[in-house]
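What follows is calculated from the coordinates using simple rules that are stated; it is not laboratory data. Since the model is a prediction, treat every value here as computed from it, not as a measurement. Every residue, glycine among them, receives a Cβ derived from its backbone with ideal geometry; neighbour counts consider all protein chains shown.
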Amino acid sequence: MTQVEHNGPASQAPVVPGRLPLLGHALQLWREPIAFFESLRNHGDIVRIDIGTWPVHVLTDPEHVHAVLVQAHQFGRGRIFDRLRPVFGNGIVTTDGEFHRKQRRMMQPAFQRNHIADYAQVMCRQAEEMATSWTAGREVSMVTEARRYALSSVAEMIFSGEMSRPAVAEVHRSLPIVLEGMLVRAVMPKFLDGLPIPYNRRFDGAAARLRRIIDEVIARYGDEPGDREDLLSLLLSSVDTETGEGMSAEQVRDEVIAIMFAGTETSATTLSWIFHELGRHPEVEKRLHAEVDAVVGNRPVRPEDLPRLTYTHSVFQETLRLHSPLLFTRRALVPLTLGGVAIPEGAELAYSPHALHRDPALFRDAARFDPDRWHEDTDERPRAHRYLPFGAGQHKCIGDSFAVAEILTAVASVASRWRLVPAPGVTVREVPAGIPQPSELPMIPAARR
Ligand code: HEM
């Protein structure tokens, strides 16, 4: 495994060709971010790019990435997260160090297996609602459907019961605006945040509405305590095992926002891509349908079906390999050496799961969609840590089991009723985003029974 060292002979990271004065590599990044990140592996395991005048060391080798992720005490969250903190607050997504560790300890129980089983009941109901709302032959936008389903799953995991209906409605209204704008906010210079331009007003307005409605629900939960089993109740009653302290109402609100921010677009986009890949690969779709027929049959999906959907799970893994998050950052808190390259204190590091997962040195026939590569007996390249869709180390996705349950439930509920046929004449493109998204995804449901 790669070691992060504090001394020893070290060289400088090579600068990627094409750097311009003042702009650095910003034009390449702006024009074709996905292709640009993929091209970086041709220049070395650790390479330097400049976004404007902001230097970033990009790690293109999975072992360097893993070494940085698991040695979290030497790294802070980095610029992308710093820029989002004023909007999203101090939840576990944007913080680091001792504060993050304490918060993570208090949040972890809400994501344990027994609670995921409760959330899965809600997911099954919602997936059934989605699948029964369509009409054979009438086109649906799978981007919209997947987003609505993911928003509902997360919103109902957080707030349950009638009292929270206005909050769920506000999440559906405002969260998409915040999620769409956050990539721009993360990379745009800070001094532009305060300008009274329509983009800032829309983004800041939506973020403020979300904060307000969550504060209102928290206040009502305090006024009318009941035996709710939702995540908000779990967070409000959680106590740190080491210090005996609970969380303030404000901190609970920030954590709720963190989960909404990290847990909706990611799942929605993955789900959209699964339907896209199934539509393009009829032989994979056929096998998936056969599995769903054998496990689920004609009835609605139940939580206990999910562990038996093994081929469906491989389809999920393979989709996530090809359609992973584009970029994460970290910041070196001390001067160090990584893979023989000197990383100064304060340097920004970045890695792209999306680019790693498409590296032909790491995956046989990397561009091909092949769920069978996840079966043990296939001839895959055994490189450690090459598959990191949920990250690793202390910031590893806390919602990975939630995401698996949510996505398998939706895919099986749809597949037990429908074959989704891609609308003719549409070319689906990858649009840059947290996880690059399908430009559009119109599909036509054809009844299977
Ligand atoms: C397919 C869906 C998902 C993908 C690909 C994904 C991916 C990731 C990745 C890569 C990280 C680590 C980021 C880093 O290292 O800086 C992360 C963190 C996180 N994810 Fe997910 N995620 C997904 C779904 C979810 C869901 C459904 C939830 C919640 C319901 C969630 C909540 C979080 C939170 C709170 C963090 C921050 C953890 C921390 O910093 O301690 N994610 N996710």
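Brief remarks on what is shown
- Proxy reagent accessibility, fewest Cβ within 10 Å first, across E162, E345: E162, E345
- Calculated from backbone phi, Karplus (6.51, -1.76, 1.60) coupling profile of region 357-370 in Hz, x at Gly/Pro: 6, 10, 7, x, 6, 9, 10, 4, 6, 4, 7, 7, 7, 9
- Each helix, a run of at least 4 DSSP H residues, gives -39500 (n - 2.57); summed and divided by the residues of the chain, these come to -15000 deg cm²/dmol at 222 nm.
- Fewest-first sequence of M443, M188 by Cβ atoms within 10 Å of each Cβ: M188, M443
- Rounded if a/c under 1.5, otherwise prolate or oblate - the chain, Cα gyration tensor axes: oblate
- Alpha-carbon centroid distance for the pair region 100-163 / region 276-292, whole angstrom: 23
- Net charge dipole, region 229-383: roughly 580 debye, given to the nearest 20, about the Cα centre with Cβ charges of +1 for Lys and Arg and -1 for Asp and Glu.
- For region 325-362 versus region 184-221, the spacing of their alpha-carbon centroids is 30 Å.
- Backbone geometry of region 423-435 corresponds, through the Karplus equation with coefficients 6.51, -1.76 and 1.60 at θ = phi - 60°, to 3J(HN,Hα) couplings of 4, x, x, 10, 9, 8, 10, 8, 9, x, 6, x, 10 Hz, x marking Gly and Pro.
- Listed residues G246, G24, G222, most fluctuating in the chain (Gaussian network, C-alpha, under 10 Å): G222
- For V341, the amide hydrogen comes within under 5 Å of the amide hydrogens of S11, counting only partners 5 or more places away or on other chains and with H modelled in the peptide plane.
- Table column - 3J(HN,Hα) (Hz), region 124-130, Karplus curve with 6.51, -1.76, 1.60, x for Gly and Pro: 4, 5, 5, 5, 5, 4, 4
- Residues of region 153-191 with an amide N closer than 19 Å to a point placed 7 Å from the Cα of S237 along the Cα-to-Cβ direction: 156-164.
- If you run the Gaussian network model on the chain, springs between alpha carbon atoms under 10 Å, then out of V154, V93, V426 the most flexible one is V426.
- Taking the DSSP beta bridges with both ends in the chain, the antiparallel portion is around 80 percent.
- Region 1-133, dipole about Cα centre (Lys/Arg Cβ +1, Asp/Glu Cβ -1), debye to the nearest 20: 400
- Largest mean-square fluctuation among E245, E318, E63, in a Gaussian network model of the chain whose springs join Cα atoms under 10 Å apart, belongs to E245.
- Dipole size of region 317-449 about its Cα centre, with +1 on Lys/Arg Cβ and -1 on Asp/Glu Cβ: approximately 300 debye, rounded to the nearest 20.
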